[in-house]
Amino acid sequence: QLSSFSRMIMSGWKSEALNGEVISTSKALISYLGFDMGQEARECFRVLFLDPANRLIEDRWLWEGTVNEVHAYPREIVRIALELSSTAMILVHNHPNGDPTPSTADYKLTRRIQNACTALDLSVHDHVIVTISGAFSMRANALIHLY
């Protein structure tokens, strides 16, 4: 019964966080993402693909890594975005160690994905790093700029 109740709460939380316009710095979205993947024992990478009105098309978990890294592939992200007719995305991954501070590798990966997206008029709205106890938004910290 507890599992069923937990799934019901997650469903309601997901609906509140992802229905309508998805704004990466919204508290509801950050809370949902942290709760949904912040406690994972391995780093996982997902992408929220958005339409031109910033509504969610698909929330797709793409890769699972090790306890301290996950590989993400810009080519695959772009391919999926084009298949979905997405125009924007929010990148999300977790840090199992509890520290949401981006690593140098996180910055480099974000830049590689942005570069791959730019030529195809795809926008990376944010890269959010979540943990069980908090989150870090690259956009909110002026590390991603929308053009």
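The values are calculated or read from the model by the stated rules, or taken from the named source; none is laboratory data. Model, not experiment: these values are computed from the prediction. Positions of Cβ are generated from backbone atoms using ideal geometry, with glycine treated the same way; all protein chains shown enter the neighbour counts. When the accessible area is computed, the model is the full protein with side chains, heavy atoms only, and any ligands, DNA or RNA have been set aside. Shrake-Rupley method; radii C 1.70, N 1.55, O 1.52, S 1.80 Å.
For segment 115-131, the tally of residues that are part of a loop (DSSP other than H, G, I, E, B) and either surrounded by 12 or more Cβ atoms within 10 Å (Cβ to Cβ) or of a type in the set (S, T, Y) (or both) stands at 2.
Of the residues making up segment 63-103, those that are at pLDDT 95 or above and among the hydroxyl-bearing types (S, T, Y) number 3. The residue of segment 37-61 that is modelled with the lowest pLDDT, among those that are open to solvent by less than 40 Å² (accessible area, probe 1.4 Å) and either touching a Gly at 6+ places or on another chain (Cβ under 8 Å) or more than 20 Å from T118 (Cβ to Cβ) (or both), is G38. Counting only strands (runs of 3 or more DSSP E) that fall entirely inside segment 28-96 and contain at least 1 residues that are in contact (Cβ under 8 Å) with a residue 12 or more places away in the chain and basic (K, R), the qualifying elements are 44-50, 56-64.
Looking only at segment 97-107, count every residue that is outside any loop (DSSP other than H, G, I, E, B) and either open to solvent by less than 70 Å² (accessible area, probe 1.4 Å) or among the polar types (S, T, N, Q) (or both) and tell me the total.
The number of residues fulfilling the criteria is 3.
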